[in-house]
Amino acid sequence: MFMLSLMQPSGLYELEKDSLEAISAQLLQMIQMKSYHLYTHSIQVSNYAVSIAAKMGLPLNEIEQIRHAALLHDVGLLMVPNALIQKSPYLNKQEMSKYKQHAASGANMIENYPCCQQILPYIRYHHEKWDGSGYTKHLRGANIPLGARIIAVADYYDTTVNPSTEFWAKTKAKAKEELFSASGSLFDPDVVKA
């Protein structure tokens with residue numbers, strides 16, 4: 001007879017890891033059905049975030065959490081109408097207010113899953129800025145969870161270099177230059193450096 005209470009801590013970790021993997025895969029499939037562009041963006045942001053986290057020497061379990069959070073960082077956009085997503089970045093004030101809710105909505109969507117508790121703050125706060133000018137809580141500096149700061153840099157970089165976002169599309173060199181110029185104001189300097 002299988003009893004969860006008798007499992008070793010490592011077994012519990014594996015069960016939680018498997019659950020997070022399953023939930024991520026399911027939500028990523030929903031993201032893909034909504035928008036292939038959003039799906040590829042999620043994959044790229046995850047790849048960049050993992051590279052940054054590894055370069056910063058973070059423990060493997062934290063890198064894995066950041067990977068999942070980056071894959072799901074825009075899951076809240078499932079709640080935003082396609083017309084609004086396609087209109088971005090040309091949104092009026094009311095539309096922008098609705099769009100900005102996606103970070104909190106994404107965290108709210110997965111908050112009842114025990115395996116997702118560690119990644120909630122990374123999703124909820126990935127649009128916070130180092131100087132406090134971001135959203136949703138106007139957190140600043142080290143008050144922003146490290147995973148969210150890493151995802152913010154990866155998100156900006158992918159959005160900037162992705163040719164399908166014609167409003168932003170820049171060379172990788174120009175994107176890096178912009179990241180370094182925003183280091184210490186919009187982005188964590190240590191994350192940008194990594």
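Say we look at region 107-159 and pick out the residues that are open to solvent by less than 20 Å² (accessible area, probe 1.4 Å) and not in a helix (DSSP H, G or I); which of these is nearest to M30 (Cα to Cα)?
So, considering only residues that are open to solvent by less than 20 Å² (accessible area, probe 1.4 Å) and not in a helix (DSSP H, G or I), the one nearest to M30 (Cα to Cα) is I119.
(1) modelled with pLDDT under 95; (2) closer than 27 Å to S97 by Cβ; (3) not in a loop (DSSP other than H, G, I, E, B): which one isn't true of F167, the others all being true?
Going through (1) modelled with pLDDT under 95; (2) closer than 27 Å to S97 by Cβ; (3) not in a loop (DSSP other than H, G, I, E, B) one by one, F167 breaks only (3).
What number of residues within region 10-52 satisfy the criterion of being open to solvent by 50 Å² or more (accessible area, probe 1.4 Å) and in contact with a Pro (Cβ under 8 Å, 6 or more places away or on another chain)?
Number satisfying all stated conditions: 1.
I'd like to check something: does region 123-137 contain any residue that is without any contact (Cβ under 8 Å) to a residue 40 or more places away in the chain and in contact with a Pro (Cβ under 7 Å, 6 or more places away or on another chain)?
Checked region 123-137: at least one residue is without any contact (Cβ under 8 Å) to a residue 40 or more places away in the chain and in contact with a Pro (Cβ under 7 Å, 6 or more places away or on another chain).
Quick grid of which residues meet (1) surrounded by 15 or more Cβ atoms within 10 Å (Cβ to Cβ); (2) of a type in the set (D, E); (3) not in a loop (DSSP other than H, G, I, E, B):
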| position | (1), (2), (3) |
| --- | --- |
| A54 | no, no, yes |
| E62 | yes, yes, yes |
| I85 | yes, no, yes |
| Y90 | no, no, no |
| E95 | yes, yes, yes |
| S105 | yes, no, yes |
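Here is a check on your reading of the model: is K172 open to solvent by 70 Å² or more (accessible area, probe 1.4 Å), in contact with a helix residue (DSSP H, G or I) (Cβ under 6 Å, 6 or more places away or on another chain) and under 24 Å from S88 (Cβ atoms)?
When the stated conditions are applied, K172 passes them.
List the pairs whose first member sits in region 18-29 and is over 18 Å from G76 (Cβ atoms), whose second member is in a helix (DSSP H, G or I) and open to solvent by 60 Å² or more (accessible area, probe 1.4 Å), and whose Cβ atoms are under 8 Å apart, counting only residues at least 6 apart or on separate chains?
So the pair list comes out as S19/P114.
Counting only residues that are assigned to a helix (DSSP H, G or I) and without any contact (Cβ under 8 Å) to a residue 60 or more places away in the chain, how many does region 64-79 have?
9
Under 7 Å between Cβ atoms, at least 6 apart or on separate chains: pull out the pairs that start in region 178-194 with a residue that is among the hydroxyl-bearing types (S, T, Y) and end on any residue that is surrounded by fewer than 17 Cβ atoms within 10 Å (Cβ to Cβ).
That search, which allows pairs on different chains as well, returns S183/P189; S185/D131.
Collect the residues in region 58-108 that are under 20 Å from L120 (Cβ atoms) and of a type in the set (G, A, S), keeping them in residue-number order.
Residues satisfying the conditions are A69, A70, G76, A103, A104, S105, G106, A107.
The values are calculated or read from the model by the stated rules, or taken from the named source; none is laboratory data. All values derive from a computational prediction rather than experimental measurement. Glycine also receives a Cβ, built like all others from the backbone with ideal geometry; neighbour counts cover every protein chain displayed. Surface accessibility is based on the protein's heavy atoms, side chains included, excluding ligands, DNA and RNA. Shrake-Rupley method; radii C 1.70, N 1.55, O 1.52, S 1.80 Å.
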